Structure formats: structure tokens, C-alpha cells
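Since the structure comes first, as C-alpha cells, the remarks are kept for the end.
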Amino acid sequence: MSGEFMARESFDVCVVGGGPAGTLTALKVARFGHRVCLVERCPFPRPHVGESLTSGIWPILDVLGLRQNILQQGFLDPGETLLRWAAVRTERVPASNRGNGLLVERGKFDLVLLQAARDSGVRIFQPGEIRSTNGKGFKWELGVIARGEPRAIDAAFLVDASGRGGFLPGKQTRVSPPTVALCGYLRGAACPQETLVEALPDGWCWGAPIPGGLFSAMVFSDPAALRPFRGAGLEAIWRSQLAKAELFATIAQVPHVGCVVARNATAYCSIDAIGPSFVRVGEASFSLDPLSSTGVEKAMRSGLTAAIALHTMMVRPERRELSVRFYRDRIAEAVAAHARWSVGFYQDVGRYADFPFWEARSEGVEQPRSEVSRANVSAPDGIGLTTHVRISQRAQWIEEACIVGDEICAHPALVHPNLERPVAFLEGVALRSMLEAVATMPDLGRLVTFWSRRVSLPQAKRIAAWLMKHEILEAVP
Ligand SMILES: Cc1cc2nc3c(=O)[nH]c(=O)nc-3n(C[C@H](O)[C@H](O)[C@H](O)COP(=O)(O)OP(=O)(O)OC[C@H]3O[C@@H](n4cnc5c(N)ncnc54)[C@H](O)[C@@H]3O)c2cc1C
């Protein structure tokens, strides 16, 4: 195909892949007023793993005004979880302990988001595929086949949202031991209504009811451990693993629907998540251990962060480098924080600590240091309000990339040996302006009262407690 004789359509951003990450990037960039197209290979709805969504999706959907669109689909509220993990006995964990997540049919969930992107002005080529790319400076010339028709497209930015396979070439680094998931669906009255999670000596099992009367059951293992059973076929291995699990044994022989498939579930991150004219979002950028069921939420979040970085690069070209640094740092922090969480969760299964599967995952992979929370700092405990305070001499200010409004800009951020990373905002309030008041307020009580004119009193107290705890504010002897 040659684009020479075709009229070229020009876009600011071309997104490759219409999963949650690509769709939210496209939608948000379009809402910023830029011209966006999205190329999705498959007709929707298409089946996809990632059916158990965490409660963190709701604030994202709220920001975009999409809560109702999802609620109307009749997806399932997760019930109790039956858990055999740290303890040998089965624990019943109420749904409320994990926040109100959702059990969805991913084909439908992704379709709703894609429709919202279309309604926001995103031009969608589906089924479509990019057959040729030519990156010239800050311009991509793309040859696309959409519904069988060749098209020529120009875009200033390319967003790789194509999921695990990745559309753009680039190096990845593994952040978990190699893991394979055998995934299948069961149907039948014997299938439980609860979510099931169980540790096995050589892996773990997850299962949950999903819309359509199906029960999704997955077995996670080290691929090397499955090699001796290769001749047995995936279904036989999947069933034999389920049969070993106390919670799954009764459903191990229930008839299944469709094929049992093997999926790579190894966590990784790409070395270059962003460059001056491209961004990788969602699983094209990094993949998390499915243990947390946060893949979709994190993919959506990365899409929104990427959209802000792209918008900033377009309206403030002088902040291109700052935006690149901001996005790269946020992705690195998300990967590191999740890897540490996973290690802790695997370590909880002490009874299998000496088994190779658990030993490898309890050690983890070397990770960079993580972000200090910018929100919801801990509650105040035992602060004497008459205490005279001053700012530690070890505290310093630097310029750090932050989101302010809809853009990334350089903002004063505090660095201190007790902070893992620079902090610009606490509970959404610029720290610099809060700390400027310390010079004129002699004690903590007056400082908190002064701050409470700008934030609520409990917030002002929490901020004071956090600053004392990290020794950024210190008592004057
Ligand atoms: C076994 C397993 C279980 C999981 N369970 C959960 C879970 O319970 N909860 C959870 O939140 N997450 C889970 N995840 C993770 C979750 O599936 C992903 O995090 C999520 O789907 C990532 O979204 P995405 O938009 O980045 O990519 P995807 O959802 O994979 O979307 C990528 C899209 O790009 C399209 N595409 C690919 N290549 C091209 C191309 N060249 N041109 C055009 N289009 C293309 C694909 O058709 C697809 O629609 C699980 C993952 C695995 C492996």
C-alpha cells in the first residue's frame, strides 16, 4: 500500500489499541480539544481477561462522567471472597473490605468506554491496523487499513496502547518471576457466587462469577513447573491444578465453555515509557502481577496521566522535557510500589515459603524507591499544640514536575532525607505556601488554625502530624 495518492488525514494524536488505557487517553486528549484518532484491531465486543475490577475505577469514571454508562450494563457486584492464603483455613472476606469493585465482561466494559471516546470526538478506525509507520521528526506518517480500506494518516504523537504485545519496538525489563496463567470458563449450578482465591504449593488459583452466568477460573504457575505436563494439554493441566485446591475441587469437573488458554502473566515494564513524540500506556508500558486485580485501573490511570502529558507537550512545547520526565517517573513509581506490594503478599503464605514458586516471588526484583503519598496523610496523634516549631534545616526546595490543573508544570517541592521523593502537594495543597506561614506562627496550634482557613481543620491537623512525623517540622528546644 502506498499513501502517495491518498488524501492524508491529519491528527494531533494517533492511539493504537482500544483497551481501557488507549480509550481513556484518546477520550481525555480529545476533550482537551485536540484531534485524535484511535486504531483498534478487533471488532468489539471482544473477549479479554481482566474481569475483576478494583474500586479505584470509580473516581476515574466519575472524573470523566462515565459512572452511569458503566452502572447501566448490569455488571456484578463482587460478593464475599473465600480466601485460603496466609491461613490454612478458609477466611471469608466481605466485599466491603476491598471497596466496591466490579465483576465485568471485559468485551462490554471496553465497548462502553470506546463509545464514550467516540462521543467525545475521537475518530475510531475499527477494525483497523497500522501497516506502515514513518516517524519524521515530530510527525508520524502512518499507513492504516481500516475496514479493509487503505488510509493515510499524519499525527504529531503516537500512543502505543496495544497491550502486552506492544506496537512500538522497545526493550522491556521483567519485574516478577516468569508466570503463566491458564484461563477457562465454567458454567453450571455448582459454580459458586463468591470470589475464590487459594494458594497451592506450586502456584495459586483465582475464580469469580462474571456476567452471563459464567465462572472465570484461572491457575497461576511458573511455566517451568508445567513443562513436564506439556503433552497432557492445557485443559487437563488446568483441571488437575483446580482439583488440588480445596476451594476449587468441587468445580474442577464442571463442564467448561470455550477453550482453556495460556496467558503470559509475568510482570514487566518497558525501559522507555515515553519519548518526545510517543507514549506507551497501560500494558504496552507496564504489566502488574494479576494478584492485585488492579491492571485495568492502573491502565486507565496511565491513560489519563499520558493525556495530561500529551496536552502539555502540545500547548506548551517548552515543557516537553518536563512532561516526559513527569510521566516516566509516575510509571516507575507505580511499577515499584506494586512490585513491593506483591512481594509482601506472597510472603504472607509462610507455609509454602520453601517451595520454589513462593520463594522466588517472596524475594522480588530490585526496585527503585517509591513515592510518598500526596494524599490522605495519617491522622494526628499526640501533637502538643503549644509546641513551638520550626522547619528542619535539612529541608530544601527544588523544582519538581507536577500536575496543576490540566497541565504539567514545574512546582516547588520539598526534599528531605526522611522523604522518599520530593513532595509538592499534601492533600492537594501546595506545601510551599503552607510552610511559608511557619516563620510567623510561633506554635503548632496557631499554625494549624491559620492553615484551617484554607483547608478543613482535620486536614490542617493531618498535615501538621505528617510534617512532624517526617521531622520536616521540628520542636524548638
Ligand atoms: C491472566 C490475567 C488476569 C488478569 N486479571 C485481571 C483482573 O482481574 N483485573 C484487572 O484489573 N486486570 C487484570 N489483568 C490485567 C488486565 O488484563 C490489563 O491490565 C488490561 O487489560 C490492560 O489494558 P490495556 O488497555 O493496556 O490493554 P488491553 O486491554 O490488552 O487492550 C489492548 C487493545 O489493543 C488492541 N491491539 C493490540 N495490538 C494492536 C495493533 N497492532 N493495532 C491495533 N490494535 C491493537 C487489542 O485488540 C486490544 O483491544 C489480568 C491479566 C492477565 C494476564
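For the reader, a short list of remarks on this structure follows.
- Label-to-label distance, nm, for residues given as residue 129 and residue 149 (7 Å Cα→Cβ offset): 1.9 nm
- Overall form of the range 199-240 per C-alpha gyration tensor (a/c, 1.5; a/b vs b/c): oblate
- Separation of the range 294-348 and the range 140-196, taken as the distance between their Cα centroids, equals 18 angstrom.
- Listed residue (43, 71, 60) projecting farthest to the positive dipole end of the range 24-75, Cβ model: 43
- Remark: the Cα gyration tensor places the range 1-52 in the oblate category, a/c being 1.5 or greater and a/b not exceeding b/c.
- Each of 391, 472, 408 was scored by other Cβ atoms within 10 Å of its Cβ. Arranged with the fewest first, they read 391, 472, 408.
- Other residues lying with their Cβ under 15 Å from the Cβ of residue 398 contribute a combined charge of 0, Lys and Arg counting +1, Asp and Glu -1.
- Cut-off of 10 Å, at most 13 other beta carbons, DSSP loop: longest stretch of the chain lacking such chymotrypsin sites (Phe, Trp or Tyr not before Pro): 139-477
- Look at the Cα gyration tensor of the range 203-324: its axes a ≥ b ≥ c give a/c of at least 1.5 with a/b over b/c, and that counts as prolate.
- Paramagnetic reach from residue 91 (point 7 Å along Cα→Cβ, amide N under 20 Å) across the range 175-203: 194-203
- Debye, to nearest 20: dipole size of the range 75-204, +1 on Lys, Arg Cβ, -1 on Asp, Glu Cβ: 320 debye
- Extension gain for residue 351 to residue 436 (0.36 nm times residue separation, less C-alpha to C-alpha distance): 25.4 nm.
- Cα centre as origin, Lys/Arg/Asp/Glu Cβ charges: the chain dipole, Debye: 480 debye
- Length released on extending from residue 62 to residue 410, taking residue separation times 0.36 nm less the Cα-Cα span: 122.6 nm
- Between the range 443-463 and the range 384-438, the alpha-carbon center distance in angstrom: 15 Å
- In summary, the helical segments of the chain meeting the span-like criteria, namely a full DSSP H run, a Cα extent along the axis of 24 angstrom or more and a mean Kyte-Doolittle hydropathy of at least -0.5, are 295-315, 320-347.
- Restricting the calculation to Cα atoms, the chain yields a radius of gyration followed by a Dmax of 24.7, 79 Å.
Bear in mind that the values in this text are calculations on the coordinates, not laboratory data. It should be emphasised that the depicted structure is a prediction, and the values quoted were computed from it without experimental measurement. Quick reminder, even Gly has a Cβ in these numbers, built from the backbone with ideal geometry, and neighbours come from all protein chains shown.
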